Amino acid sequence: MNPSAPKNFRPLLIALTGGIASGKSAVAEMFAQLGAPVLDTDQIARDVVEPGTPTLARLVAEFGSEILDASGRLDRARMRTRVFADPAQRKRLEAITHPAIREELAARAQRAQGPYQIHVIPLLIESGRADLYDRVLLVDTSEEAQLKRLLARDGSSQEQARQILAAQASREDRLDAADDVIVNTGTLQDLHRFVQTLHRNYTMLSERINAQNL
């Protein structure tokens with residue numbers, strides 16, 4: 001938290017979400033360039049399973065050492081393949097990783113400075129955590145655009161890409177939960193204009209809320 005802020009200051013918490021390959025990373029990077037603290041749960045998920053962490057030790061105890069690669073790191077692709085087809089194993093994985101991710105997210109949020117924070121949470125709707133945030137910002141695009149980006153970015157087959165999309169919340173559910181929507185169907189310049197407008201709006205909204213709490 002900003003040490004120069006009033007004692008009862010509370011940053012506005014924004015959950016940034018969207019389907020896979022919708023453009024969340026580009027939007028998050030633009031907010032970061034404007035000086036907003038951006039806390040990415042995907043990055044945190046990688047950090048909490050680094051070699052030597054308690055979370056990785058628990059995963060090895062639960063699933064066996066075959067989930068590690070030759071360097072002793074979690075083989076994320078192997079783990080993903082293993083749990084994707086088995087809901088019971090996926091729940092076991094999430095029971096270990098999700099609390100660790102939430103704890104680390106809370107710790108980083110406490111240290112962050114600024115009138116608002118962006119928390120990048122791809123599975124926000126699926127996890128039922130949208131109500132914990134002041135605003136939900138959705139990066140929205142068509143399923144056809146998602147498929148095209150997935151095929152180009154990850155080398156997925158059509159079948160794999162469609163399976164990934166089917167496993168996520170529907171576009172309609174994400175739109176229902178959103179307070180703000182960035183429609184990512186234009187250019188990067190269009191995207192940047194959206195983000196600049198939201199940056200101003202979130203800053204003003206935070207100032208207004210905190211002025212009421214003085």
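R46 passes every criterion in (1) under 30 Å from L175 (Cα atoms); (2) out of contact with any Lys or Arg (no Cβ under 9 Å at 6 or more places or on another chain); (3) not assigned by TED's automatic domain parsing to the domain that holds V195 apart from (2).
A count restricted to the stretch 164-176 and to residues that are in a helix (DSSP H, G or I) and in contact (Cβ under 8 Å) with a residue 24 or more places away in the chain stands at 7. Counting only helices (runs of 4 or more DSSP H) that sit completely within the stretch 50-116, those holding 2 or more residues that are within 30 Å of M204 (Cβ to Cβ) correspond to 87-111. Could you grab me the full set of residues in the stretch 138-163 that are loosely packed, with under 13 Cβ neighbours inside 10 Å and either of a type in the set (G, A, S) or assigned to a loop (DSSP other than H, G, I, E, B) (or both)? Scanning the stretch 138-163 gives A152, G155, S157.
Within the stretch 197-209, the presence of a residue that is in the same structural domain as S22 (by TED's automatic domain parsing) and part of a loop (DSSP other than H, G, I, E, B) is excluded.
Answer with yes or no whether T55 is crowded, with 17+ Cβ neighbours inside 10 Å and either in contact with a Cys (Cβ under 8 Å, 6 or more places away or on another chain) or within 30 Å of V195 (Cβ to Cβ) (or both). Steps first, answer last, please.
On the way: crowded, with 17+ Cβ neighbours inside 10 Å: yes; either in contact with a Cys (Cβ under 8 Å, 6 or more places away or on another chain) or within 30 Å of V195 (Cβ to Cβ) (or both): no.
No: the conditions fail for T55.
Cβ separations smaller than 6 Å between residues 6+ apart or across chains give the following pairs from the stretch 40-66 residues that are more than 16 Å from A107 (Cβ to Cβ) to residues that are among the small types (G, A, S) and modelled with pLDDT of 95 or more: P51/G72. If a residue has to be among the charged types (D, E, K, R), under 17 Å from D179 (Cα atoms) and either over 13 Å from the mean Cα position of the chain (by Cα) or not assigned by TED's automatic domain parsing to the domain that holds A21 (or both) to count, how many in the stretch 124-148 make the cut? Residues meeting the conditions: 4.
All conditions but one from (1) within 16 Å of the chain's Cα centre (by Cα); (2) in a helix (DSSP H, G or I); (3) surrounded by 13 or more Cβ atoms within 10 Å (Cβ to Cβ) apply to H119; the one that does not is (2).
Let me confirm something: among A32, A21, which residue is assigned to a loop (DSSP other than H, G, I, E, B), among the aliphatic types (A, V, I, L, M) and either in the same structural domain as I182 (by TED's automatic domain parsing) or within 24 Å of A145 (Cα to Cα) (or both)? Before the answer, list the steps.
Details: A32 fails: assigned to a loop (DSSP other than H, G, I, E, B).
Selected residue: A21, the only one of A32, A21 that is assigned to a loop (DSSP other than H, G, I, E, B), among the aliphatic types (A, V, I, L, M) and either in the same structural domain as I182 (by TED's automatic domain parsing) or within 24 Å of A145 (Cα to Cα) (or both).
Could you pull out the residue among L68, L56 that is closer than 28 Å to I118 by Cα and not assigned by TED's automatic domain parsing to the domain that holds L13?
Working: L68 fails: closer than 28 Å to I118 by Cα.
The conditions single out L56.
Give the residues of the stretch 195-211 that are among the hydrophobic types (A, V, I, L, M, F, W, C) and without any contact (Cβ under 8 Å) to a residue 60 or more places away in the chain, sorted by residue number.
M204, A211, listed by residue number.
Would you check which residues across the stretch 125-140 are of a type in the set (A, V, I, L, M, F, W, C) and in contact with a Gly (Cβ under 9 Å, 6 or more places away or on another chain) and list them? The answer is L137, L138, V139. Considering (1) under 19 Å from I164 (Cβ atoms); (2) in contact with a helix residue (DSSP H, G or I) (Cβ under 7 Å, 6 or more places away or on another chain); (3) not assigned by TED's automatic domain parsing to the domain that holds V136, the lone condition that K91 does not fulfil carries the number (2).
The values are calculated or read from the model by the stated rules, or taken from the named source; none is laboratory data. Just so it is clear, the model here is predicted, and its values are computed rather than measured. Here the Cβ is made from the backbone with ideal geometry for all residues, glycine too, and neighbour counts use every protein chain on show.
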